Each structure stands twice: as structure tokens, then as C-alpha cells.
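Novice: Here you go, one structure.
The values are calculated or read from the model by the stated rules, or taken from the named source; none is laboratory data. Computed from a predicted model, the values in this text were never measured in an experiment. No Cβ is skipped: glycine too gets one built from the backbone with ideal geometry, and neighbour counts run over all protein chains shown.
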Amino acid sequence: MHSEFYNVALDRIRYSLVWEDSNTLYKGLELQPDDQVLVITSAGCNVLNALLKAPASVTAIDLNPVQNKLLLLKKQLILNYDYVTFRALLGLDGPEKVTLAWHQSQATLPEDMRRYWSPFFQSHPNGLMAAGKLETYLNGFYGTLNSSLQEKLKQLITFNDVEAQHRFFLKELHSTPFQKQFTFYFDEANLSKGRDPKLFKYAAESGGAAFYQRLLAQVASVLVRDNFFFRFFFFGAVGIPPELLPPCYQEQNFTLLQEQLHKLKVVNAEAIDYLLSQEGKHINKASLSNIFEYTSHEEFEQVYQRLFADPVRNLRMIFWNLLQEQGAGIAADNWLNAPLSAALSKTDACFYFRNVRVQANVCSETSASCSA
């Protein structure tokens, strides 16, 4: 597939957190024990989350080899160290714990990993979860606010009533310098500090204004105190209640994760090319992050038709839209699960996505659809 990602430097961690919610992933793919799953690696979170559902196999794939290195480090830590060390190196307990955990663990890492990651932890004292280009940029916003706005933003995670939370936001933050600063900080020009400008080639919306409206909608509909992504977006990784962490980073799932990691395969390649290859024919469930954000509508339609060209292939996939729309009723579209897509779009845990799309080869899922 032609993607603008081929035109950016793939030499650093661009994403140190997966922003696609695991609950949406689970509901969209309905992972089963016999599933052969493909997941865009990114920071590895949803690869690990998928493993917690104990499918037959999970293939992690990414064009950026550094993202795969990040996942392989997490695999090494999970298999060979305790949860306390793993959690500390993620950065959930602050920079002092990162330094201590790295000092204690690096000597027992394989030589190639130690050589690669030692300079990384020297230059990223806040740990793995905050180290991505995007995450560094996002976490910088809070520091641009004055102390009064910072305090009001923190008050949002104290409410236990959505209506009261929304009223507070409208009174204290909406139509104040907060709105102006948020919109400016996340507009298209500044957003390039977190994502390469080449990746906005096909964007149909301006980042700042669109993201602010999505934030406003979330504050009006869910308790943000219980939202991991809201907390991380504005306040970073430290201090997030353990029960709000992605499942793969919760202590209660650590042993299960260790038991499932033997099913993991890591591939440096482009996901669509892999799905269309002979090697990828066995995949029946795929989580594709927002990779179609970086293609044209024409390219997307061609890829889409090729993915579902085989009437007997049992393929189901999920992907997210950010600043453009893909998969909203292509001509002769027999695969879009519109009701499920709409339902998941309303409940997606991270406010900044536009929507989510679930596609499945309906001919393989229901014989009635094929005979109609």
C-alpha cells in the first residue's frame, strides 16, 4: 500500500503509547482462541492487549523497526523481570524509579538490548511511556497553561457526575484562554511537532479546532476522571490509578501476559502488503490503528477491494480515523459493519479520534449475506 509513512524517517520512537482503546479493539474484533491476529505494533500496547485474550497467534507489524524494538524490549522485561521493574521502566512511578529500575536491570539484559537502550534511558528519564515524539509533544501542553488554568484542568478529574463536570468545563475553561491555547497548540502547524508534516497530506480537518470539539463532546458525555487517555494526554503517566491502565500494564494481568508471549511474532513490514501476501493469508483478525490516515481515498478503496476480494477469506478488521474519513460507505461496500462502527465511535476512550470502522467479509461470517 502506498502510505506517506514511506516518506518519513523511521529512526526513532514516534509513538510510545497506543491511543486506540483496548475495549474498542476487543469489541470490534471479538477475539477467539482460534484467531490468527495481526496488530500494528506502534508502542506494542494493543499487541499485548490482544495476547491477553489468548488467541492462537498475534503478529505485530510495523514499518518502523524502532517501534518493534520497543515491543521486543517490553517482551524481554515481562518475561525476565518482575512487575515492579516493568512498571517503573514504563515511567508510571516517576523518573527516580525509572533510573533505579534501569540501573538494576540493564546488567542482565542481552548485550544488544543494553547497548541500544542505555543511551535511550539517559536521554528519556521519564521512561518508555512518555518517550515518543507524539507523547512528548502532547505532554508539553499542560506546561503552557498558567497555574489557574492548570488547577481548573486538574479539577475536571475530581467530578463524579458528568453533568456537573460539563457545567464546570463550560464555565471555567470553555471560551477562556484555555480554548484558544488548546486550539493553537494542536493546530496543523504546531501538530507537526508531534507528527511529521508529511503525514497530514490527506487531512480533511484542522487539528486544533477539531480536537477541541471532540474534547468538549467527551467532557459532556463521560467522566474524564475514569479515562486513562484523558489523564495521560494532559498530565502524563505518573499518578494514574492502576485500574485505569491499559490491561497489559495492570499487575493483575502480568502473569497471563508472560504465559501468552510465546504466541507473539514480530515483523518489520507494511501491514496491508503483509495481509495481501501469501505469508499473511492465515490472518483472520486485524487491528490497523489509523494507517489509512496516510493514504488517499483512491488508494484506500483499491486496498479495501483487494482485502475483501476473496469471498471465502474470513477477514475481520478494525481501524481508526483521525483527521480524514475512510471507510464510510464505499460504493458497493458489502463489508462495513455500520451499526457496530457507529456504536464503538460513540464510546471510544480517547477523545481525539474521529471515529472507528469495523469491516468483515460478510460472506464468510454469514451465508445469508452471500446468497442475498
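Novice: Can you name the number of the only condition in (1) surrounded by 15 or more Cβ atoms within 10 Å (Cβ to Cβ); (2) in the same structural domain as residue 44 (by TED's automatic domain parsing); (3) in contact (Cβ under 8 Å) with a residue 40 or more places away in the chain that residue 157 fails?
Specialist: Residue 157 satisfies every listed condition except (2).
Novice: A follow-up question, please. For residue 80, which of the numbered conditions (1) over 22 Å from residue 240 (Cα atoms); (2) surrounded by 15 or more Cβ atoms within 10 Å (Cβ to Cβ); (3) polar (S, T, N, Q) fails to hold?
Specialist: For residue 80, the failing item is (2).
Novice: Counting only residues that are within 23 Å of residue 132 (Cα to Cα) and either in a loop (DSSP other than H, G, I, E, B) or of a type outside the set (Gly, Ala, Ser) (or both), how many does segment 52-67 have?
Specialist: Total meeting the criteria: 8.
Novice: Next question. Cβ contacts < 9 Å: first residue under 17 Å from residue 231 (Cβ atoms), restricted to segment 131-150; second residue of a type in the set (Lys, Arg) and assigned to a helix (DSSP H, G or I), any location; separation 6+ or different chain. Result?
Specialist: From segment 131-150, the pairs are 145/152.
Novice: Residues of segment 248-258 being part of a helix (DSSP H, G or I) and surrounded by fewer than 19 Cβ atoms within 10 Å (Cβ to Cβ), which ones?
Specialist: Selection gives 251, 252, 254, 255, 256, 258.
Novice: For residue 51, indicate whether it is buried (at least 21 other Cβ atoms within 10 Å of the Cβ), under 19 Å from the mean Cα position of the chain (by Cα) and more than 23 Å from residue 291 (Cα to Cα).
Specialist: Here the answer is no, as residue 51 does not meet what is asked.
Novice: With the condition kept exactly as written, say whether any residue in segment 219-237 is more than 30 Å from residue 185 (Cβ to Cβ) and surrounded by 15 or more Cβ atoms within 10 Å (Cβ to Cβ).
Specialist: Scanning segment 219-237 turns up no residue that is more than 30 Å from residue 185 (Cβ to Cβ) and surrounded by 15 or more Cβ atoms within 10 Å (Cβ to Cβ).
Novice: Here is a check on your reading of the model: is residue 34 in contact with a helix residue (DSSP H, G or I) (Cβ under 9 Å, 6 or more places away or on another chain), part of a loop (DSSP other than H, G, I, E, B) and surrounded by fewer than 20 Cβ atoms within 10 Å (Cβ to Cβ)?
Specialist: No.
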